[in-house]
Amino acid sequence: MGNSVLGIDLGTTNSVVSVVTGSEPEVLFDERSEPLVPSVVSFHPQGRILVGHPARERRLLDAANTVYSVKRLIGRPFDSEEVRQAQSRFPFKLCEGPRGGVDVQVRGETYSLSEISAFILRQVRSHVEAAIGQRITRAVITVPANFNELQRSATKAAGQVAGLEVLRILNEPTAAALAYGYGRGSRERIGIYDLGGGTFDLTIIELNGDVFEVLATAGDTYLGGDDIDHMIAENMADAFLERHRYDPRSDVQAFERLRAAAEWAKCQLTEQDTIQLKVEELAYGEGGVALDLSFGLSRKALERMAEPLIARTFDVCEEAMKVAQIRPTQLDNVILVGGSTRVPIVRRMVQDYFSRRPLSDLDPDLVVAMGAAIQGRALAGSPRTPRPRPSVAIGAMRLKKVATGVHAHPPQTGYRPPPPSFFQRDEALFSKSVVEDIGDAHDHPTLTRPETSEPAYDDGATNPSTRYADVVQIKAIPIASAAGELPPVRAEPPPPVRAEQPPPVPAEPPPPVPVSPTDELQEEASEPEESSPPAPTVPRAFPLLLDVTPLSLGVETVSGFSEHIIPRNAAIPVEQTRMFSTGQDFQQTVRVTICQGESRRIEENQMLGELELASLRSAPRGRVKIAVTFVIDVHGTLSVRAEDVETGQQQRVRIDLIGGIDEESIEELRKRHETLMGGATV
């Protein structure tokens, strides 16, 4: 176990941790013998920090100080539409971080979303360490395939704040394919349909023995089961308003109880045709009379509500099919991933679209963590015997399959509801008796926040692993110096350099626009050198992953256009070098805006930040030639390096990521977390 690496599925609703012990990946259960750890953090008035099940229960009591579903917002700019939408839904307060990202404010303290995620990562890590009696510091953490650079960097920062060495940021569908296909030795083309609590992806992967090659991926990072819950809660609120002439949406705590009840109703309707629930004392009328909500819902009514939302997933599927240049019927298998795929209408619509019954013989909630554990063991370099089907473990005890074919987690036909203790006490659902002081009533390990603790949030660019670049006319912003305003650099594009892959569909060039001499970058005519992707270091006993980048990387050009440097679905790792020369005499510094997305209009893409080239040699215009290399590493993250071609001197390159956290700040936040823990395990 000395080489153990955690495989962590950091989910929107729940998180799962797995580790390979012996020859199989095992999912570790928590102190309640549950494999799913709610991705919820609650800040208790006594200064303790609750994570997981006790935190989820406190949502019914203290919604304003209980944080959940942050995966939907991690790595997003505060001024994005998704954040504005979340502000209208979430009961806890969101605020703008130092670098334009999203922070949360609870009990007078401010936390970045990476910090909130770090609490969850510490919790799942503690489950493994308690089960195997060994400290583990390395992990593979999964993210949705369509996560952009900011989201991946923020997730990696969360792992580092939690005290983990993040060996790989792995795409969730790829992890699921590893768990499904490792050891099969087959050759087939599969689709991974991944619908979780907050995100959706479709990834098309070709299996060829131990080689797993991603052909295409597409996704929506703001589409999932949370949206179904919200629709049900809205219907409950409307019913209560019609009956009592009071809108529970005006009370964040009351609406939070409706959201929890809606989630329970959705889960129950995967196995039942109708449900009846009662939420007691949702509000109070004249004279302090308690107003209850009695609500009935049928599966057919739920499906009518959810069908338009689920139909959106197939728009994403069509996008991936177009990139892969295949049709749904050409896939050999379709695998369901994510808890939301347990909903019956989802399975029916998937079967109709792909014209085949989807596979779910591995638990959709657990399969991603299993695949991450397999990849972690591969990166640790410890050989093992491949097994076609992993098992699930409680603590250190493995659950064996039996001769009848019954698995520890058998194929699911319906959603297994959360424990009844969360939703009901005695015979009343969501009665007042549920709303107790969870932090005191349950003897769970907690984190302690000292009264004198100071917020230690700083920012800076996360140690962004890697990415690449390639440009025609780049708009550069000159930086003032002692000599006054410095004009930008000029550059010209060489032929694109890309990894081996099917040629991308050529993008339509932007319309010609006038270029101001002070806004133009001049690119050298010399051909860039193509760097081959690093050779895999994983032993051949392990699967070889050939992944892709989900979004195009580009830079801002003149007149509000963007130029794609690395095309979407380019094989990674990959790098692209561009040659630049100064456009003005004695120019020393320049900034270039970097974006990610498919639009040719800069404002329709995601702004990642700015690239700064500084300390250029003082020389006449065109004499300073700089090779700028953008690299995307195996994590799918970006790094940049620059070199003075004539002198060989490395230039100072800084990328200011929106909402990013630099290495110094990560270390400060890690120490803050250790102080909050008081030296104890979460």
Margin query: Restricting to DSSP loop positions (anything but H, G, I, E, B) with no more than 12 other Cβ atoms inside 10 Å of their own Cβ, which trypsin sites (Lys or Arg not before Pro) remain in region 216-289?
Written below: Arg245
Check: Simple spin-label model, 7 Å along Cα-to-Cβ: Arg623 to Ser294 in nm?
Finding: 8.9 nm
Item checked: Label-to-label distance, nm, for residues given as Asp585 and Gln649 (7 Å Cα→Cβ offset) -> 2.1 nm
Item checked: Length gained when the stretch Glu668-Ser186 is fully extended (0.36 nm per residue, less Cα-Cα span) -> 168.8 nm
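Report the extension gain between Asp273 and Glu31 in nm, rounded to one decimal, defined as 0.36 nm multiplied by the number of residues separating them, less their alpha carbon distance. Provide the component values of the computation, followed by the final result.
Details: separation 242, 0.36 × 242 = 87.12 nm, distance 3.28 nm.
Here the segment from Asp273 to Glu31 would lengthen by 83.8 nm.
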Margin query: Using alpha carbons only, how many angstrom separate the centre of region 219-275 from the centre of region 276-317?
Written below: 4 Å
Checklist line | Reference-scaled alpha-carbon Rg (2.2 N^0.38 Å with N residues) for region 542-642 | finding: 1.21
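Translational diffusion coefficient of region 1-138 at 37 °C, 0.692 mPa s, Stokes-Einstein with Kirkwood Rh over Cα pairs, in µm²/s as a whole number.
207 µm²/s
State which entries of Lys322/Lys625; Lys156/Lys322; Lys93/Lys300; Lys93/Lys156 exceed 28 angstrom in Cα-Cα distance in the structure shown.
Details: Lys322/Lys625 40 Å; Lys156/Lys322 31 Å; Lys93/Lys300 35 Å; Lys93/Lys156 24 Å.
Pairs exceeding the cut-off: Lys322/Lys625; Lys156/Lys322; Lys93/Lys300.
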Next item on the list: Along Cα→Cβ, 7 Å out, is where each label goes; now give me the distance between the ones at Gln325 and Thr137 in nm to one decimal.
Entry: 4.8 nm
Margin query: I need the calculated FRET efficiency for the pair Arg601 and Arg641, taking r as the beta carbon distance and R₀ as 30 Å, to the nearest 0.05.
Written below: 0.55
Note to self: Assuming 0.36 nm per residue, please report the length gained on full extension of the stretch Glu165 to Ala614 beyond their Cα-Cα distance.
What the structure shows: 158.6 nm
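Values in this text are rule-based calculations from the coordinates and carry no lab data. Keep in mind that this is a model prediction, so the values were computed, not measured. Neighbour counts are summed over all protein chains in view; Cβ atoms, including those assigned to glycine, are modelled from backbone coordinates with ideal geometry.
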